[in-house]
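Structure, as structure tokens:
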Amino acid sequence: MRLALYQPDIPQNAGALMRLAACFGVELDLIEPCGFVIDDRRMGRSAMDYRQHLTLHRHVSWDAFLAARKEAGRLVLLTTRATTRHVDFAFAPSDTLLLGRESAGVPDEVHAQVDASVVIRLRPDVRSLNVAQAGAIVLAEALRQTGGLP
């Protein structure tokens with residue numbers, strides 16, 4: 001199981017997802033360009049003290065990320081545009097959970113290249129969750145299903 005962040009906009013969210021990946025022992029792919037410079041000051045306390053536990057792979061572009069994947073497992077996009085609820089999806093241990101930009105998600109080109117997409121159903125009168133919260137919810141469910149929880 002892996003997490004992948006597509007061109008994140010907000011350093012604190014990226015830091016929180018880095019901490020999440022470190023705590024659950026999953027690798028994290030960071031697909032650039034990011035909307036910020038990656039450094040400890042911008043990542044803040046959310047990532048501090050956890051960097052030594054994190055396996056981070058930085059990719060200069062979407063194409064570089066795809067090339068590095070080679071024969072990796074499925075790419076599962078978390079998106080409000082999906083029809084399959086995350087709790088109804090059968091995750092596999094080799095899946096990579098892809099999270100889009102906070103401001104815009106992922107472009108249609110990326111939607112077309114993923115293997116599956118899932119949504120966290122919310123009340124109809126609210127728009128969306130914070131990307132780090134969504135990542136935590138789906139990662140926990142995926143690890144629970146696959147027996148990968150620490």
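Search the range 28-60 for residues being acidic (D, E) and farther than 22 Å from L139 by Cβ, and hand back the single one that is modelled with the highest pLDDT.
The residue in question is D39.
Tell me yes or no: at least one residue of the range 118-126 is modelled with pLDDT under 95, out of contact with any Lys or Arg (no Cβ under 9 Å at 6 or more places or on another chain) and of a type in the set (V, I, T).
Yes, the conditions are met somewhere in the range 118-126.
Looking only at the range 61-81, decide whether some residue is at pLDDT 95 or above and closer than 16 Å to A14 by Cβ.
Checking the range 61-81: at least one residue is at pLDDT 95 or above and closer than 16 Å to A14 by Cβ.
Working only within the range 63-83, note down all residues that are open to solvent by less than 20 Å² (accessible area, probe 1.4 Å) and in contact with a Leu (Cβ under 8 Å, 6 or more places away or on another chain).
L75, V76, L77
From the set of residues in the range 84-117 that are modelled with pLDDT of 95 or more, open to solvent by less than 60 Å² (accessible area, probe 1.4 Å) and assigned to a strand (DSSP E or B), which is farthest from A134 (Cα to Cα)?
A116
A4 passes all but one of (1) at pLDDT 90 or above; (2) open to solvent by 30 Å² or more (accessible area, probe 1.4 Å); which number fails?
Result: A4 passes all but (2).
Go through (1) touching a residue at least 40 places away in the same chain (Cβ under 8 Å); (2) open to solvent by less than 40 Å² (accessible area, probe 1.4 Å) one by one and return the number of the condition L54 breaks.
So the condition that L54 fails would be (1).
Which one is farthest from L77 (Cα to Cα) among residues in the range 118-143 that are open to solvent by 40 Å² or more (accessible area, probe 1.4 Å) and not aliphatic (A, V, I, L, M)?
D125
Does D115 meet the test of being touching a residue at least 24 places away in the same chain (Cβ under 8 Å), among the acidic types (D, E) and under 25 Å from R19 (Cα atoms)?
Answer is no for this residue.
Report, by residue number, each residue of the range 1-40 that is free of Cβ contacts under 8 Å to residues at least 12 places away in the same chain and assigned to a helix (DSSP H, G or I).
Correct list: D40 only.
The values are calculated or read from the model by the stated rules, or taken from the named source; none is laboratory data. These numbers come from a predicted model, not from an experiment. Cβ atoms come from the backbone with ideal geometry, glycine included; neighbour counts cover every protein chain shown. For the accessible areas, the whole protein counts, side chains as well, though only heavy atoms, and no ligand, DNA or RNA atoms are used. Shrake-Rupley method; radii C 1.70, N 1.55, O 1.52, S 1.80 Å.
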